[in-house]
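This report concerns only the one structure given below.
Coordinate-derived values only; no laboratory data. Being a predicted model, the structure only gives us computed values, none of them experimental. Please note: Cβ atoms are built from the backbone with ideal geometry, for glycine as well, and neighbour counts cover all protein chains shown.
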Amino acid sequence: MPDRGGGPTGPRIRVGRPSRRVRTLLMTLGVLAVLAMAFVMFAGFWTDWLWYRSVHYSSVFTTTLWTKIGLFFVFGLLMAASVGVNIWLAHRLRPPLSAMSMEQQSLDRYRMGIAPYKKWLLLAITSLVGLIAGASASGQWRTWLMWVNGVPFHQKDPQFHLDVKFYAFDLPWYRFLLGFGFAAAVLSLIAAALTHYLYGGLRITSPGARATAAATGHLSVLLGIFVALKAVAYWLDRYGLAVKSSDFKATGNWTGLRYVDAHAYLPAKTILFCIAVICALLFFATLWRRTWQLPVIGFGLMVLSAILIGGLYPAIVQKFQVQPNEQAKEAPYVEKNLKATREAYGIDGTQVSEYVGTSDTKDKTKLREDADTTASIRLLDPNIVSPTFQQLQQMKNYYAFPTNLDVDRYSKDGKDQDTVIGLRELNLNGIPKNNWINDHFRYTHGYGVVAAKGTTATSGGRPVFTESDLPSNGDLGTYEQRVYYGEKTTQYSIVGGPQKEIDYSDDNGEKTTSYKGKSGISLSNPINRAAYAVAFGEPQILYSGAIGEGSRILYNRTPKDRVEAVAPWLTIDGDAYPAVVDGKIQWIVDAYTTTNGYPYASRTTLGDTTADSLTATNNQRAVVAQQNQVNYIRNSVKATVDAYTGEVKLYQWDTKDPVLKTWMKAFPHTVQPKTAISQSLMDHLRYPQDLFKVQRELLTRYHVKDAQTFLSGSEVWQVPDDPTNKSGNAVPPYYLSMKMPDQKAQTFSLTTTFTPNGRDNLSAFMSVNAEAGTSDYGKIRILKLPTSEPVDGPKQVQSQFNSEQDIAESIRLLKGGDSDIEYGNLMTIPLDGGLLYVEPVYVRGNQLKYPLLRKVLVTYGGKTAFENTLDAALNKVLGEDGSTAQPPGDGTTTPPTSSNPTVQQALNDAQKAFTEGQEALKKGDWQAYGVAQKDLEDALKRAEEAQAKADKTSGSSGSGGSKSSDKSSPSSSPSSSPSSTPSSSPSSDKSSGSG
């Protein structure tokens with residue numbers, strides 16, 4: 001090489017070597033980039049496989065994966081072949097070069113430019129359309145699996161007499177195939193036309209024939225295929241009318257045929273089908289006729305027919321036949337819609353009974369006794385008392401309770417007790433110092449269950465805990481208390497390795513533990529560590545010394561996420577709830593199967609229908625968020641998630657649901673039979689809230705069975721707004737143990753109310769038996785109130801509470817010292833022909849930052865009471881002449897006496913503390929009031945302990961009777977104080993008195 005800028009002895013610069021180094025470097029960087037991208041994709045795939053294998057649902061992963069891959073390749077290859085073959089055919093049918101016009105000769109440079117690359121260009125085009133089509137088709141894996149595994153409903157639609165299976169499982173797949181066919185025909189037509197034009201088969205500006213005979217025949221066949229597909233579309237549209245949505249003022253989102261559909265659209269679709277078939281044959285005939293004259297005329301007639309027959313004619317029928325006599329014309333179709341909608345939503349067995357709404361019971365004693373036996377009135381509102389649980393039972397800042405607690409049933413001494421329950425879950429925001437080790441290695445789990453009686457409270461207005469402290473102890477017995485999986489556990493944790501976890505803290509300091517469960521994925525393998533480092537964007541996972549032999553990574557830790565992952569074909573209820581079952585904490589998750597293809601059943605949007613005042617004001621509660629519309633729903637699966645191991649189990653609940661049977665065929669051995677549900681688990685299963693809210697929304701219209709009444713709209717109801725807050729959203733349903741008028745005993749129920757459309761008085765009361773395992777579980781009962789004599793609805797009752805002068809004054813006193821008043825759930829209870837309303841009232845004091853139960857509002861038959869206890873309020877409202885004697889111990893009676901001097905002294909102290917509390921309350925001195933309440937509670941406790949000790953010493957039957965008598969005395973004192981024990985029966989006063 002020549003010297004560049006140097007003398008005879010100067011250095012020589014080699015130009016080629018740096019260029020090779022640059023190319024080598026670029027190639028190396030390119031290879032590394034490709035490898036990095038490949039490993040990122042591999043990491044996502046590998047971690048998903050490991051997770052599904054760890055939860056023993058690998059068949060779900062493999063079935064879904066292979067279905068997607070199969071659809072991708074089949075439909076991708078079909079689309080690529082369709083476009084590629086037509087491009088190749090258009091190229092083969094090109095005219096000779098000498099026959100090309102001047103216009104075509106000007107395209108020589110384009111033909112010459114692509115000639116060396118035409119094979120690669122053809123491969124690129126077909127690959128691109130194939131990839132797009134394959135990716136789109138893979139997203140239809142649910143449609144494919146439902147079509148290939150579909151089982152019959154054994155119910156036929158009233159118009160075409162086809163099994164519902166056709167509309168739910170078959171029709172969606174046929175529509176996908178039709179859409180794919182249209183896309184393939186259009187893309188092939190465009191690709192063929194461009195190729196013909198490029199190679200002279202089509203001409204635009206040149207004189208003479210616009211297309212060669214070969215191009216005419218080729219394009220005519222493609223147009224014929226397109227029109228033939230349109231004919232198939234017209235034929236399928238006939239059946240699609242049975243599941244077509246349309247707005248109808250009487251039904252909302254109507255599904256199914258109406259008069260105009262049956263008498264105009266249906267015959268129009270049939271006629272258009274015939275025209276399209278003829279038009280397609282005319283296009284195919286151009287292979288012999290070599291002219292487009294007849295096909296173009298036929299296509300024009302088809303378009304004109306679609307406008308006149310498919311659009312104008314139905315509008316004329318609607319205007320001049322239906323509207324002048326709409327009720328008579330639409331009534332037969334409304335009846336079909338009524339029947340189908342009630343079946344599709346499981347409300348066809350709803351029992352609607354007339355209810356007078358006012359009691360004619362003259363025996364006040366019986367009325368008062370019936371109030372105790374009709375319902376176990378729950379005064380502890382799970383949507384309000386979470387801060388109280390937090391304050392009294394949080395123990396450490398790194399624990400927290402959900403914003404909304406849950407209501408369940410637990411048995412004590414053979415009697416079921418409505419219980420408010422919550423888990424002490426991990427709260428990462430409360431960790432003393434946040435860092436990677438603390439967040440993911442040290443603080444990994446919550447600890448213990450906290451539960452309280454739903455029907456009573458302590459003398460200070462606090463919950464009566466049946467399970468409390470840390471570690472938790474109480475009525476629930478021995479169980480695994482560590483909570484590694486919960487609603488608030490959203491971050492991953494790495495457990496079981498060399499780094500010890502903080503278990504809990506007590507007076508002796510912090511306790512540590514190491515996870516012993518089999519959940520999670522092992523990080524001992526370096527490939528797994530690298531994959532999770534990439535998947536989670538955490539490089540420290542790859543090299544951290546805190547990870548070693550036995551380390552396992554836990555993620556997807558909320559119950560909803562886990563059930564959704566192992567059963568992606570289910571819709572999950574918004575409220576998972578915990579229960580202690582067989583020594584384990586189990587999250588119970590209700591899941592639904594749905595479809596949008598039930599003929600004639602009206603549609604609803606799940607996300608909108610399940611929203612209420614709780615979901616609107618509390619973003620932390622997971623509501624059913626799917627905004628997809630459905631017109632069939634079943635609570636077909638009950639799922640459990642172990643709070644310690646994360647094990648997911650799916651149980652078949654609705655054994656008749658054809659949608660669930662279809663998915664069980666698609667994913668065999670993933671859902672266990674209903675018989676596998678243990679009795680201990682059955683005791684905690686309940687009717688799900690979201691299904692109940694969907695059903696109550698439908699029942700605002702579909703409680704009537706007469707088409708004429710339905711069309712008139714005179715019986716339309718609405719779900720009232722929640723009167724206890726100003727959110728403007730629907731009142732949530734409430735769980736409550738109660739009995740309806742036709743029931744002999746209380747059952748765990750889910751209840752709600754209805755008001756007339758646009759009015760506030762009560763239209764109806766709705767209840768469903770929510771107690772799983774009972775004979776009429778899921779039976780919906782509606783008590784319909786008379787329209788001639790309006791009965792106050794929830795909003796009117798709340799207004800009545802707020803407008804009563806004495807009540808307003810009492811509330812003003814309770815608000816003294818900048819305290820806040822919080823109204824609990826306003827419960828409606830049918831009682832001896834009338835309606836009993838009960839509402840607990842909580843006070844969140846300026847000093848105490850959590851709500852305490854202070855008062856109970858009760859109204860019945862126009863009488864209202866605002867008392868310190870439920871007993872006192874019921875006595876005042878239901879007793880003789882509107883009132884009964886107050887229990888001993890209020891401010892105007894002589895304190896009870898006892899022969900035991902220790903007990904007597906404690907009772908005197910209690911009376912003194914009560915008096916001081918009343919004086920402090922009048923002055924608005926909340927600090928002194930709090931001190932007095934504590935003194936009162938301490939005095940009562942001393943009295944009870946002294947009496948119990950004396951009774952134990954005496955040991956005689958007479959002493960036992962004295963014990964019962966004396967023990968009621970300390971409990972009665974707080975019953976008239978603002979911090980007294982609300983209760984549903986005298987027996988519960990005893991338990992509350994003991995705190």
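Here are the numbers for the structure shown:
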read-out: Longest to shortest principal axis, alpha-carbon extents of region 684-748, angstrom; value: 41, 36, 20
read-out: Straight-distance crosslink candidates among lysines, where the alpha carbon sits under 19 Å from LYS339 and sequence neighbours closer than 8 are dropped; value: LYS156, LYS165, LYS244, LYS249, LYS329, LYS656, LYS705, LYS779
read-out: Region 29-66-region 170-230 distance, computed between alpha-carbon centres (Å); value: 40 Å
read-out: Rh (Kirkwood; distinct C-alpha pairs) - region 812-865, Å; value: 12.3 Å
read-out: Stretchable slack from HIS91 to ALA676, in nm (0.36 nm times residue separation minus alpha-carbon distance); value: 204.1 nm
read-out: Positive-end residue of THR255, ALA285, VAL317, charge dipole of region 212-344 with Cβ unit charges; value: ALA285
read-out: Computed FRET value (nearest 0.05) for LYS339 with ARG759, which takes r as the C-beta separation and R₀ as 25 Å; value: 0.30
read-out: Packing-based order for 672-683, 449-460, using average beta carbon neighbours within 10 Å, highest first; value: 449-460, 672-683
read-out: Cβ-based charge dipole, region 371-557, positive-most Cα from GLY517, THR388, GLY430; value: GLY517
read-out: Net charge of Cβ neighbours under 12 Å - reference MET27; Lys, Arg +1; Asp, Glu -1; value: +3
read-out: Where labels lie 7 Å past Cα in the beta-carbon direction, separation of ALA285 and VAL74 in nm; value: 3.7 nm
read-out: Theoretical gain in end-to-end length, ILE527 to THR365 [0.36 nm per residue, Cα-Cα removed]; value: 50.7 nm
read-out: Local electrostatic count, VAL797, Cβ distance below 15 Å [Lys/Arg +1, Asp/Glu -1]; value: -3
read-out: Calculated P(r) of region 212-344 - Cα pairs past 23 Å, %; value: 46 percent
read-out: Total formal charge among the other residues, if their Cβ is under 14 angstrom from that of TYR265, Lys/Arg +1 and Asp/Glu -1; value: +2
read-out: Sites SER246 and ASP818 - FRET efficiency at Förster radius 45 Å, r taken between beta-carbons, to 0.05; value: 0.25
read-out: Chymotrypsin sites (Phe, Trp or Tyr not before Pro) within region 730-812, DSSP loop, no more than 12 other Cβ atoms inside 10 Å; value: none
read-out: Ranked by how many other beta carbons lie within 10 Å on average, peptides 313-326, 407-420 from highest; value: 407-420, 313-326
read-out: Relative packing of peptides 483-495, 159-171 - highest average C-beta neighbours within 10 Å first; value: 483-495, 159-171
read-out: Over 19 Å between alpha carbons, listed pairs LYS396/LYS511; LYS396/LYS849; LYS500/LYS560; LYS396/LYS433; value: LYS500/LYS560
read-out: Compactness index (Cα Rg / 2.2 N^0.38 Å), region 300-441; value: 2.11
read-out: Nearest-20 debye value, region 371-557 charge dipole, Cβ charges on Lys, Arg, Asp, Glu; value: 480 debye
read-out: Chain lengthening between ASP742 and PHE320 when straightened (0.36 nm per residue, less Cα-Cα); value: 147.0 nm
read-out: Volume per residue of the C-alpha convex hull in region 371-557, rounded to whole Å³; value: 140 Å³
read-out: Inter-site label distance for LEU131 and LEU32 at 7 Å from Cα along Cβ, in nm; value: 2.5 nm
read-out: Solution diffusion estimate, µm²/s, Stokes-Einstein, region 55-200, Kirkwood Rh from C-alpha pairs, 4 °C, viscosity 1.567 mPa s; value: 71 µm²/s
